[in-house]
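The values are calculated or read from the model by the stated rules, or taken from the named source; none is laboratory data. Bear in mind that the values here come from a model prediction, so they are computed numbers and not experimental data. Reconstructed Cβ throughout: ideal geometry from the backbone, glycine too, with neighbour counts over all protein chains shown.
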């Protein structure tokens, strides 16, 4: 009989939490937003994290394939990053003036990301996408933005959908929506709204939730670039999720095109809170005119962490390493699934793969698989792309695949009618 | 924003549709409905058209015109809504001789329904009334949701995002409601589906009552296991904003 994890202390803490926090755990780490189905199979709180692992309040250890939804890119508590952060903290963090590290980090980004002529620092991915849009509007004097249906650019009202709580119809009225990989639809929108479109914003590939991730069709980005040039539209890449997991030079470089603005956050500082927008020379003036700031805008510790993180990613050839690790993990998962008659579809770039059990169209088997893995110490979610980090070892991968094999077996036993013959 | 036409549709096809099932929950209603053979037609100018048929204890609500012996006319959706609130009277166009039914048994029936949908605290201490109130509230919420999804502009935008398939709403040990989504149009049906694409279930009547009456938030209920969702969650996620609109309409 296998010993499956229990999460009693997580539950107890959650009962305290619901009394003092809306929903108990607000935001995307909440058990509902995280698609913990059933919630009883998953921990709600982490006690600590190291490398590719985290431990819940009950002492259970998990091999982590969510990496805090992206920020963990080198491994939790990476020594190089934490040493740089400690060193800067000893000098000063939030000060009345920015630290010299701000310039060092901006230079690093300008020298690293292909299209960057300047950098602007913020705190979260959503800050970055909103600042990028404001910059595009300031530069063009136009209002509209073309977005991709199903695309995610944060939680500012303009990024949300109709009916979302607290979002007004007027918040959404400048949005024009186009399907992914459909340059003709984008062209039609630009034609129909000539001289009114300020920006086109999209992720470098379609890594939406609840759907197989789609890479750009051949020529798609080049065509979008042409259309933006023709219509004077600012091309914004939201590289918040994919940044530094495909290429150090930016995911646009990986796919062979040059945006005007690019937004970074998750992998930038290995968990320290900072985001960045980088841009081309032509948008420097507009970016200068947009007033966008906050209490912690110039805090120096995350900048030191980011500088160290970028250095480590370069040293390790991080994107290539994570892609290679992702290939090993996904190949092993597919083999384990096939043994049980389960059709596991893997999509996206391997360093941030999405997986889906395709035997039924309801995701119930997928949810069961993730729950069975969680009960045995491997942390997957059923709705979102996963994230690799550089510290994942061959032992971690071997343990993951052993656990996955048992989880697939449990799924097969529960849904025998859905298995491939 | 709240719209009188949509509210009228919710009142007719969400609230008053409950008369179809009230007989299975309340003996008094059963006694009133037994031996009735008639159809009441509702005509709302600039609003919904529906008829309620009584046939030997069975009650059926349908959209559109029926062969009716009583026609109740309303000058506007607002007029109909005020009638539902008890603040206005309909204009009987046909069936004057049956005014006795309208002012007597029919008024008693709708009064019973109101008692379950707006119960006082004392009534909710009675397990039978609590159960009936919760079930009728659930039917009201999800049948009204469909009206909002198909007719309210924001509701329609949300409904268009719901992938095709059936969402099964269920109360453990209680009734089920199926929401069928097809091409952005929703349809509600009582009962359980053989193969739903998504499932939203309540642990029991108590949790359903708390959530549907706004006494518990859904996120917490889901986290604590008082509610559970499974399957193709985007269906439920895109339905949720419409469910929230129900409480705005039927507050």
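Can residue B:136 be described as modelled with pLDDT of 95 or more, within 14 Å of another protein chain (Cβ to nearest Cβ) and within 17 Å of the chain's Cα centre (by Cα)?
So residue B:136 does not fit the description; no.
Considering each residue of segment B:208-230, count those that are closer than 20 Å to residue B:117 by Cβ and either facing chain A (nearest Cβ under 8 Å) or over 19 Å from the mean Cα position of the chain (by Cα) (or both), and give that number.
2
How many residues are closer than 22 Å to residue B:151 by Cα and touching a strand residue (DSSP E or B) at 6+ places or on another chain (Cβ under 8 Å) if we restrict to segment B:28-64?
So in segment B:28-64, the residues closer than 22 Å to residue B:151 by Cα come out as B:41-52, B:61-64.
Subset that is touching a strand residue (DSSP E or B) at 6+ places or on another chain (Cβ under 8 Å): B:41-45, B:47-52, B:61-64.
So the answer is 15.
For residue A:63, are the conditions met, namely being within 8 Å of chain B (Cβ to nearest Cβ), surrounded by 15 or more Cβ atoms within 10 Å (Cβ to Cβ), in contact with a strand residue (DSSP E or B) (Cβ under 8 Å, 6 or more places away or on another chain) and in contact (Cβ under 8 Å) with a residue 40 or more places away in the chain?
No.
Take the residues in segment A:291-322 that are under 27 Å from residue A:235 (Cβ atoms) and surrounded by fewer than 19 Cβ atoms within 10 Å (Cβ to Cβ), then tell me which one is nearest to the chain's Cα centre (by Cα).
The qualifying residue nearest to the chain's Cα centre (by Cα) is A:320.
Here is a yes/no grid of residues against (1) closer than 30 Å to residue A:303 by Cα; (2) modelled with pLDDT of 95 or more; (3) surrounded by 19 or more Cβ atoms within 10 Å (Cβ to Cβ):
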residue: A:88; (1), (2), (3): yes, yes, yes
residue: A:95; (1), (2), (3): yes, yes, no
residue: A:104; (1), (2), (3): yes, yes, no
residue: A:124; (1), (2), (3): yes, yes, no
residue: A:127; (1), (2), (3): yes, yes, yes
residue: A:168; (1), (2), (3): no, no, no
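Among (1) away from chain A (no Cβ under 14 Å); (2) touching a residue at least 40 places away in the same chain (Cβ under 8 Å); (3) closer than 29 Å to residue B:3 by Cβ, which single condition is residue B:242 missing?
Residue B:242 satisfies every listed condition except (1).
Being in contact with a strand residue (DSSP E or B) (Cβ under 7 Å, 6 or more places away or on another chain), within 30 Å of residue A:89 (Cα to Cα) and in the same structural domain as residue A:205 (by TED's automatic domain parsing) is true for just one of A:178, A:139, A:132, A:185. Which residue is that? Break it down stepwise before answering.
Values: A:178 fails: within 30 Å of residue A:89 (Cα to Cα); A:139 fails: within 30 Å of residue A:89 (Cα to Cα); A:185 fails: within 30 Å of residue A:89 (Cα to Cα).
Testing whether each residue is in contact with a strand residue (DSSP E or B) (Cβ under 7 Å, 6 or more places away or on another chain), within 30 Å of residue A:89 (Cα to Cα) and in the same structural domain as residue A:205 (by TED's automatic domain parsing) leaves just A:132.
For segment B:132-142, check the following and say yes or no: at least one residue is in a helix (DSSP H, G or I) and within 25 Å of residue B:70 (Cα to Cα).
Yes, the conditions are met somewhere in segment B:132-142.
Any chance segment B:198-207 includes a residue that's touching a helix residue (DSSP H, G or I) at 6+ places or on another chain (Cβ under 9 Å), within 11 Å of chain A (Cβ to nearest Cβ) and within 17 Å of residue A:361 (Cβ to Cβ)?
Within segment B:198-207, one or more residues are touching a helix residue (DSSP H, G or I) at 6+ places or on another chain (Cβ under 9 Å), within 11 Å of chain A (Cβ to nearest Cβ) and within 17 Å of residue A:361 (Cβ to Cβ).
Taking residue B:21 as the residue in question, decide whether it is surrounded by fewer than 22 Cβ atoms within 10 Å (Cβ to Cβ) and touching a residue at least 40 places away in the same chain (Cβ under 8 Å). So that I can check it myself, show each step before the final result.
On the way: surrounded by fewer than 22 Cβ atoms within 10 Å (Cβ to Cβ): yes; touching a residue at least 40 places away in the same chain (Cβ under 8 Å): yes.
Taking the combined requirement at face value, the residue satisfies it.
May I ask you to list the residues in segment A:14-30 that are in a loop (DSSP other than H, G, I, E, B) and facing chain B (nearest Cβ under 8 Å)?
A:22, A:23, A:24, A:25, A:30
Before we move on, is residue A:80 more than 14 Å from chain B (Cβ to nearest Cβ), surrounded by fewer than 18 Cβ atoms within 10 Å (Cβ to Cβ) and either in a loop (DSSP other than H, G, I, E, B) or modelled with pLDDT of 95 or more (or both)? Show your work before the answer.
On the way: more than 14 Å from chain B (Cβ to nearest Cβ): yes; surrounded by fewer than 18 Cβ atoms within 10 Å (Cβ to Cβ): yes; either in a loop (DSSP other than H, G, I, E, B) or modelled with pLDDT of 95 or more (or both): yes.
Taking the combined requirement at face value, the residue satisfies it.
Go through segment B:166-196 residue by residue and tally those that are surrounded by fewer than 20 Cβ atoms within 10 Å (Cβ to Cβ) and outside any loop (DSSP other than H, G, I, E, B).
8
A quick yes/no check of all residues on (1) assigned to a loop (DSSP other than H, G, I, E, B); (2) more than 13 Å from chain B (Cβ to nearest Cβ):
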residue: A:362; (1), (2): yes, no
residue: A:365; (1), (2): no, no
residue: A:368; (1), (2): no, no
residue: A:382; (1), (2): yes, no
residue: A:385; (1), (2): yes, yes
residue: A:390; (1), (2): yes, yes
residue: A:395; (1), (2): no, yes
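Identify, please: which residue in segment A:46-60 is in contact (Cβ under 8 Å) with a residue 40 or more places away in the chain and in a loop (DSSP other than H, G, I, E, B) and is, among those, farthest from the other protein chains (Cβ to nearest Cβ)?
A:52
Run down A:253, A:207 and say which single residue is surrounded by fewer than 21 Cβ atoms within 10 Å (Cβ to Cβ), modelled with pLDDT of 95 or more and on the phi < 0 side of the Ramachandran plot.
Criteria check complete, one pass: A:253.
Residue by residue, here is whether (1) assigned to a helix (DSSP H, G or I); (2) touching a helix residue (DSSP H, G or I) at 6+ places or on another chain (Cβ under 7 Å) holds:
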{"position": "A:267", "(1), (2)": "yes, no"}
{"position": "A:283", "(1), (2)": "yes, yes"}
{"position": "A:291", "(1), (2)": "no, no"}
{"position": "A:310", "(1), (2)": "yes, yes"}
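If only one of A:71, A:96, A:43 is part of a loop (DSSP other than H, G, I, E, B) and without any contact (Cβ under 8 Å) to a residue 60 or more places away in the chain, which one is it?
A:96
Take the conditions over 30 Å from residue A:303 (Cα atoms), in contact with a helix residue (DSSP H, G or I) (Cβ under 9 Å, 6 or more places away or on another chain) and at pLDDT 95 or above and apply them to residue A:246. Does it pass?
Judged against the criteria, residue A:246 is not a match.
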